[in-house]
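Pasting a structure below so you can have a look.
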Amino acid sequence: MEDLWKALANICENRHNSYGPLLLATDRDGTLVPYEDNPEDAVMPLRVREQLEWLAMLSHVTVATVSARPVHSLVEDFGENAIIIAGNYGLEISYPDGSWDIQSSALQARPHLVGVRDELTARLQPEWNVILEDHRFSLCAHWHMTPKEFLPHVHSLVLDVMSKSSGIKLVPRPTSYEFFPPVEWDKSNALDRIRENMGTDFIPVFFGDSEADECAFDWVNRHNGVSVKVGNDGVDSTARFRVETPEKLHELLERLVTLLARQAATAPDVRLR
């Protein structure tokens with residue numbers, strides 16, 4: 001982790017020269033917060049919320065979360081006016097000034113998603129132990145707790161529902177199915193939208209943990225930033241750095257807060273918003 005820290009400290013301490021403002025963006029689940037069997041039990045630590053809110057107050061730092069969760073859920077973690085909140089992989093983005101950026105394809109797909117949600121709800125059996133989440137502009141059916149003997153039923157049901165549905169795209173994940181509007185969209189698109197809407201050439205930093213974050217790692221690498229994968233799952237990643245656990249990431253954020261607080265106390269151009 002020391003190589004990662006040197007890269008971050010170098011950006012913070014030499015931004016007057018070749019570096020610009022910092023975009024600190026992060027996934028949520030598995031990155032800031034350890035996974036739980038029930039997503040509702042994955043609670044954001046108060047310490048982490050305070051760290052990110054303080055960093056967002058710095059005039060040269062923009063903080064964003066880019067998550068599969070919806071904005072209305074993420075607001076409970078970060079507040080409405082603290083940081084940029086990109087929900088549903090950035091299909092909806094809430095900005096601290098109160099403005100919103102919602103993709104038209106997401107709005108158009110909502111009735112189709114409701115139809116899929118209602119049919120899945122009616123046909124899923126309690127003993128299958130599938131958790132179905134309605135994120136408004138996407139759905140997620142978690143089957144990581146489904147007993148092995150019922151997994152064929154779950155997979156068959158999803159395929160049957162999709163065969164009768166239009167205006168929806170199915171994305172299989174390692175332990176879930178996600179249902180999206182029929183548009184090519186991922187977290188790199190969200191970072192593009194944030195960059196365009198803020199009108200600033202940031203030095204990006206992105207923390208993530210899963211396959212869904214690889215596109216963001218690649219985007220950050222292409223923009224000469226710092227990409228960080230959280231976790232040692234043995235899977236190759238395009239991220240340039242790794243942090244072992246969310247708890248280690250919390251320690252890194254604490255070090256970053258300490259460094260920038262010291263700069264804010266001594267550098268005249270480092271100030272709180």
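Given the Cα-Cα distance of Asp233 and Gln108 and 0.36 nm per residue of separation, how much length would full extension add, in nm?
Additional length available on full extension: 41.3 nm.
Quick one: what do you get for the chain if you divide its Cα Rg by 2.2 N^0.38 Å?
Normalised Cα radius of gyration, the chain: 1.05.
If you don't mind, another one. Ranking request for peptides 133-139, 225-231, 260-266, 247-253: highest mean number of other beta-carbon atoms within 10 Å first, then the rest in descending order. Intermediate values should be presented prior to the final figure.
Details: 133-139: 21.1, 225-231: 24.1, 260-266: 13.4, 247-253: 16.6.
Per-residue mean Cβ counts within 10 Å order the peptides as 225-231, 133-139, 247-253, 260-266.
Quick one: putting +1 on the C-beta of Lys and Arg, -1 on the C-beta of Asp and Glu, what dipole do you get for segment 104-180 around its Cα centre, in Debye to the nearest 20?
Working: 8 positive and 8 negative charges, 47 e Å.
That gives segment 104-180 a dipole magnitude of about 220 debye.
Looking only at Cα atoms, what is the convex hull volume of segment 104-180 per residue, in Å³?
In segment 104-180, the Cα hull volume divided by residue count equals 76 Å³.
Then there is this: For segment 1-108, what is the relative contact order in percent, using Cα pairs closer than 8 Å and at least 6 residues apart in sequence? Provide the component values of the computation, followed by the final result.
Details: 133 pairs, mean separation 20.5, N = 108.
Computed over segment 1-108, the figure is 19 percent.
Does segment 125-165 come out rounded, prolate or oblate by the C-alpha gyration tensor, with a ≥ b ≥ c the root eigenvalues, rounded set by a/c under 1.5 and, if not, prolate when a/b is larger than b/c and oblate if not?
Details: a/c = 2.68, a/b = 1.27, b/c = 2.12.
Oblate is the answer for segment 125-165, as a/c is 1.5 or above yet b/c matches or exceeds a/b.
With +1 assigned to the C-beta of every Lys and Arg and -1 to the C-beta of every Asp and Glu, and no other charges, what is the dipole magnitude of the chain about the Cα centre in debye, to the nearest 20? Let's see the in-between values first.
Numbers: 26 positive and 42 negative charges, 126 e Å.
The calculated dipole for the chain is roughly 600 debye.
Another question, if that's okay. In whole Å, what is the distance between the alpha-carbon centres of segment 244-266 and segment 111-174?
40
Taking the dipole about the Cα centre of the chain, with the C-beta of Lys and Arg at +1 and of Asp and Glu at -1, give me whichever of Leu74, Phe241, Leu23 is farthest to the positive side.
So the residue we want is Leu23.
Can you give me the relative contact order of the chain as a percent, contacts being Cα pairs under 8 Å and 6 or more apart?
Over the chain, the number comes to 21 percent.
From the Cα gyration tensor of segment 141-189, with a ≥ b ≥ c the square roots of its eigenvalues, which class applies: rounded if a/c is under 1.5, or else prolate if a/b is larger than b/c, or else oblate?
Oblate, because a/c is 1.5 or more while a/b does not exceed b/c.
Student exercise: in the chain, how many lysine pairs 8 or more apart or on different chains have Cα atoms under 25 Å apart?
Taking the chain as the scope, the lysine pair count is 6.
Right, next: Would you work out which of Gly167, Thr121, Ala141 lies farthest towards the positive end of the dipole of segment 104-180, given +1 charges on the beta-carbon of Lys and Arg and -1 on that of Asp and Glu, about the Cα centre?
Farthest towards the positive end: Gly167.
Which of the three applies to segment 139-232, rounded, prolate or oblate, going by the alpha-carbon gyration tensor with a ≥ b ≥ c and a/c under 1.5 meaning rounded?
Taking the square roots of the gyration eigenvalues as a ≥ b ≥ c, segment 139-232 is oblate.
What number, in percent, do you get for the relative contact order of segment 104-180 if the mean sequence gap of Cα pairs under 8 Å and at least 6 apart is divided by its residue count?
Across segment 104-180, relative contact order equals 34 percent.
A short reminder: the numbers here are calculations on the coordinates, not readings from a lab. If you're wondering where the values come from, they're calculated on a predicted model, not measured in any experiment. Note: ideal-geometry Cβ built from the backbone for every residue, glycine included; neighbour counts use all protein chains shown.
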